[in-house]
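Heads up, the thing below is written out as structure tokens.
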Amino acid sequence: MAGWFLEKLEIEGIRGINNEGDPLVLQFAHDAVNSVSAPNGVGKSSIFDALTYALRKKIPKLEELPASENGRAYYLNCFHSKKTGMVRLTVRPDGAGAPITLEITRDAAGTRKVTAPAGVDADALLESLNRDFFLLDHKTLQSFIDDKALDRGRAFAGLLGLASYSKTRQELQGLSNTRAFNNHFDVKSLTTQEASLKTSLSKLRTEAVSAFQALTQTALLEQKDLATAGARAHSALHQIVVLQPHCAGKPFGEIPLDECVESIKKAEGGDGPARLAALQRAEQTLATQISSSPAEDDYGKLHALAVQHDEALEKTAGPLLRKLYAASCAVLRDKAWPRKNVCPTCDHEGSEPLLPSLETKLAAFQELEDCAVRTETEWKAKGWSGLRKIEDAYAKTGEARSFAEVPYGSEGSLTAAKVEELWTWRTILVHRATAALADTKEKRKALEKELPASLVVVTTAVEEARRLQKAWKEIAEAETKLTGIVEQLGRISRIKTFLDVASETFARAESDISRRRLAAVEPLCQNFFKAIMYEPVKPSLAKADGAEALSIGLSQFFTLQDVSAQALLSESFRNAFAVSVYLAAATLYGGEPRFVVLDDVTSSFDAGHQFHLMELIRTQFARPVKADGPQVIFLSHDTLLEKLFNRHNGQGWKHQRLEGTARTAVLPQSDAANRVRDATIRFLQAGQLDDAAPRLRQYLEYRLLDIIQKVRIPVPIDFALDDNNKQVGNAAGAIEAAVKLHKAAGTLVLTAAQEAGLVTHMASITGNFVAHYATGSTNAFSSASLLGVMQAIDKYAECFMYENPPGSGKLVFYRSLSKR
């Protein structure tokens, strides 16, 4: 399928278009430039909003309102009794094929429903039509110039037909972001575990070397392998006669050493061996705890890290605000939140985008977290956590268990002062443990003197074997864990390498194709800009190699070269620059939608530049002059521009004017009067005066303006140019003044009965309706009286008509007040 034209648009109950039971219907020609004009407040922008909702599933300007304004409650027309909205699109394929009608509805709960003919994937079709350029308004043009280069570049990718590539690039960048990646895979925790296990293994291996030496009187490092070392240790115990029954047929690691101690105790005939073993174990445990406790250098490193942590903490405002900042950044990065200078939590509007300052604050938290990771790693690696056991054993009643309560990490508070306090407490505890070790040694030595030397040797051998068994078992467990973690980190590293390469490769490819397409867009953009402004000013577009950011500038500004567009261009030049870019991109990379809707894109132009833009679009961009161009649909409230639309109407151009109100209905002027008349009569017959009264006033205004146009009644210049002046009183006054003028000049074509009828019927209209309506009350009305007013309005209009041909009963308007 080459693309789709917009053939018909029907709207009911959306924004400023009520039209309950009688949708606004706009027919568009695919082989002509289309334009729709309307006075302010008559639904022109609501057409744009309806199309936006149909294709983009939301109306950004309502979503951007502060939460207190409840913007989503205003998708639907406030006066629609059923509180439902409907947009019906009929699109025609560019080529063979029948038109397809899609209906999008929204109810009061905000539920969206899309229906289409059988066999048509409505969502897929709507998605294919949702290109960045197909809906273009003044705000979009402004943002293109005012956006940051990165945001502009990402938005521009959509214009070049590369939106999916840009999205994929951003997703890959997000996946390969080191911090986000590491957080997702918990690399910090795995790395900390790896470091802790390596430290533990180092200490355990030292312990095993010491125990093996004491048990076998040989060096562990001299053994061929672990099996040989195990056999040597087994032999050392098996040589002791009393222990042989326990060693026979068992590997060293399974020798029941508690049973060995019991056998020694029975052989000696007392509890001496058991007491000696207990003292030896206690002495060894104390010696290990003291030797593995942090040294002076370890304290210095931890203190330095705590100082860094304190400095990073000063730059933050606490963990709760961190969560708030992170959530706010996520919202501000989302395209669904276009107001980048408005805080999503409090609706405060700043003068600059908020994301950079929030990212700076979050970076401070990241620095804090990095410090916390280093502190935690140092804490675990240097045995600080082992001081808890000494604390449990030697802290006195009433003394705080400081090591048991130490917090660390990004949410903790291991400050420099806390480290100093812990070091002082550590010194006290180690002093007490050293004293306990000395006391244990004395008791052990005293007991050894009481026991036979052989018994002491045997008991010592059993305890050294116990120490070796424990060390080898813990080494095996730690090595298994370490192997698993190392393998997991290896897999994670390979994934990270793949993502880095993929992200870099895709970014380079996306950048290359973007630059190639940009190179094609730039000269066409410059030509379009020149055709609009007719000044020696040449815009430029540039992307650095591999970058997403799109820079805009001026390669020529009168006599200056390569200067800033944002700093020098006035609003009209900015508008021309942006619209030239969009039109150039749509020309080259249009895609599925073969139509473009332009809403008030000329609002910053004077009349001359408006004409230039219209001619550019008519002759160089749009169908039918440019056969392969898109179908263009203008939406405008500019009365001067409407005169241009009317001049072109019927010559490759189709123009429609809307009339109506948000409360009642918005209708094309061609049949607006009859449709409003029918709706008014329907409401009156049903007794619905509140709904009928405003429509009756609308019908009166239609008929008066119709008389002015058909009979060529002269009006003041402000009446002709300002739609706000086209009210009932002004219209009736202009008609009355013209009639009096021609009457005085003796050129009035009206019959005497028609002259009298003007006074009679206007008096009826004024007395029975207009005077009461001005009070804002409908209590003085009745259905019958208002039906009489309807009749008076029609009779008033007939005073400006005559029967042609005579006797036919067909009434036509006089050509003027002086001619038939």
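The values are calculated or read from the model by the stated rules, or taken from the named source; none is laboratory data. All values derive from a computational prediction rather than experimental measurement. Cβ placement follows ideal geometry from the backbone for every residue including glycine, while neighbour counts extend to all protein chains displayed. Side chains included, ligands, DNA and RNA excluded: accessible areas come from the protein's heavy atoms. Shrake-Rupley method; radii C 1.70, N 1.55, O 1.52, S 1.80 Å.
Numerical summary
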quantity	calculated
Residues (among the aliphatic types (A, V, I, L, M) and assigned to a helix (DSSP H, G or I)) located in the stretch 118-139	122, 124, 125, 126, 129
Condition check for residue 441: open to solvent by 60 Å² or more (accessible area, probe 1.4 Å), touching a helix residue (DSSP H, G or I) at 6+ places or on another chain (Cβ under 7 Å) and under 30 Å from residue 400 (Cα atoms)	yes
Which numbered condition residue 454 misses (of (1) touching a residue at least 60 places away in the same chain (Cβ under 8 Å); (2) in a helix (DSSP H, G or I))	(1)
Pick from the stretch 117-141, criterion of a type in the set (Asp, Glu) and over 18 Å from residue 604 (Cβ atoms), ranking: surrounded by the most Cβ atoms within 10 Å (Cβ to Cβ)	132
Identity of the residue in the stretch 211-235, out of contact with any helix residue (DSSP H, G or I) (no Cβ under 7 Å at 6 or more places or on another chain) and not in a helix (DSSP H, G or I), that ends up least open to solvent (accessible area, probe 1.4 Å)	225
Sole residue being in contact (Cβ under 8 Å) with a residue 24 or more places away in the chain and more than 21 Å from residue 61 (Cβ to Cβ), chosen from 126, 141, 135, 102	102
Filter result for the condition that a residue is assigned to a strand (DSSP E or B), of a type in the set (Phe, Trp, Tyr) and closer than 22 Å to residue 47 by Cα, over 645, 634	634
Positions within the stretch 63-80 being open to solvent by 10 Å² or more (accessible area, probe 1.4 Å) and farther than 21 Å from residue 664 by Cα, in sequence order	63, 64, 65, 66, 67, 68, 69, 70, 72
Residue check, residue 548 farther than 30 Å from residue 173 by Cβ and part of a loop (DSSP other than H, G, I, E, B)	no
Positions within the stretch 500-509 being touching a residue at least 60 places away in the same chain (Cβ under 8 Å) and either open to solvent by less than 40 Å² (accessible area, probe 1.4 Å) or among the polar types (S, T, N, Q) (or both), in sequence order	502, 503, 507
Enumeration of residues in the stretch 584-614 that are assigned to a loop (DSSP other than H, G, I, E, B) and either of a type outside the set (Asp, Glu) or open to solvent by less than 40 Å² (accessible area, probe 1.4 Å) (or both)	589, 590, 591, 594, 600, 601, 602, 603, 604, 605
Residue 430 being at pLDDT 90 or above and either touching a Ser or Thr at 6+ places or on another chain (Cβ under 8 Å) or aliphatic (A, V, I, L, M) (or both)	yes
Residues of the stretch 687-705 satisfying the condition of being of a type in the set (Gly, Ala, Ser) and either open to solvent by less than 10 Å² (accessible area, probe 1.4 Å) or within 45 Å of the chain's Cα centre (by Cα) (or both)	692, 693
Condition broken by residue 342, with the remaining ones in (1) closer than 22 Å to residue 188 by Cβ; (2) modelled with pLDDT of 80 or more; (3) surrounded by 17 or more Cβ atoms within 10 Å (Cβ to Cβ) satisfied	(1)
Selection count where residues are closer than 23 Å to residue 204 by Cα, without any contact (Cβ under 8 Å) to a residue 60 or more places away in the chain and not polar (S, T, N, Q), scope the stretch 471-499	4
Per-region count, the stretch 183-194, residues closer than 20 Å to residue 481 by Cα and either loosely packed, with under 15 Cβ neighbours inside 10 Å or polar (S, T, N, Q) (or both)	5
Check on residue 281, under 28 Å from residue 479 (Cβ atoms), modelled with pLDDT of 90 or more and of a type in the set (Lys, Arg)	no
Helices (runs of 4 or more DSSP H) lying entirely in the stretch 236-316 (those with 3 or more residues that are small (Gly, Ala, Ser))	272-292, 296-314
Residue list for the stretch 510-545, filter: part of a strand (DSSP E or B) and surrounded by fewer than 20 Cβ atoms within 10 Å (Cβ to Cβ)	538, 540, 542
Failed item in (1) within 20 Å of residue 384 (Cα to Cα); (2) modelled with pLDDT of 80 or more; (3) surrounded by 13 or more Cβ atoms within 10 Å (Cβ to Cβ), with residue 370 passing the rest	(2)
Selection from the stretch 373-399 of residues that are outside any helix (DSSP H, G or I) and at pLDDT 85 or above	395, 396, 397, 398, 399
Selection status of residue 188, in a helix (DSSP H, G or I), more than 30 Å from residue 589 (Cα to Cα) and either among the charged types (D, E, K, R) or at pLDDT 90 or above (or both)	yes
Meets criteria (out of contact with any Cys (no Cβ under 7 Å at 6 or more places or on another chain), among the acidic types (Asp, Glu) and open to solvent by 30 Å² or more (accessible area, probe 1.4 Å)) for residue 359	no
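Every residue, every condition in (1) polar (S, T, N, Q); (2) closer than 19 Å to residue 470 by Cα, yes or no:
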{"residue": "270", "(1), (2)": "no, no"}
{"residue": "274", "(1), (2)": "no, yes"}
{"residue": "278", "(1), (2)": "no, yes"}
{"residue": "281", "(1), (2)": "no, yes"}
{"residue": "285", "(1), (2)": "yes, yes"}
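Matching residues to (1) at pLDDT 95 or above; (2) under 36 Å from the mean Cα position of the chain (by Cα):
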| site | (1), (2) |
| --- | --- |
| 460 | no, no |
| 463 | no, no |
| 474 | no, no |
| 491 | yes, yes |
| 516 | no, yes |
| 523 | yes, yes |
| 550 | no, yes |
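Here's the yes/no breakdown for (1) aromatic (Phe, Trp, Tyr); (2) open to solvent by 40 Å² or more (accessible area, probe 1.4 Å); (3) touching a residue at least 12 places away in the same chain (Cβ under 8 Å):
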position: 244; (1), (2), (3): no, yes, no
position: 268; (1), (2), (3): no, yes, yes
position: 272; (1), (2), (3): no, no, yes
position: 275; (1), (2), (3): no, yes, yes
position: 293; (1), (2), (3): no, no, yes
position: 296; (1), (2), (3): no, yes, no
position: 302; (1), (2), (3): no, no, yes
position: 330; (1), (2), (3): no, yes, no
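Residue-by-condition table, conditions (1) over 20 Å from residue 665 (Cβ atoms); (2) out of contact with any Phe, Trp or Tyr (no Cβ under 8 Å at 6 or more places or on another chain); (3) open to solvent by less than 20 Å² (accessible area, probe 1.4 Å); (4) not hydrophobic (A, V, I, L, M, F, W, C):
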{"residue": "19", "(1), (2), (3), (4)": "no, yes, yes, yes"}
{"residue": "24", "(1), (2), (3), (4)": "no, yes, yes, no"}
{"residue": "27", "(1), (2), (3), (4)": "no, yes, no, yes"}
{"residue": "33", "(1), (2), (3), (4)": "yes, no, yes, no"}
{"residue": "38", "(1), (2), (3), (4)": "no, yes, yes, no"}
{"residue": "42", "(1), (2), (3), (4)": "no, yes, yes, no"}
{"residue": "45", "(1), (2), (3), (4)": "no, yes, no, yes"}
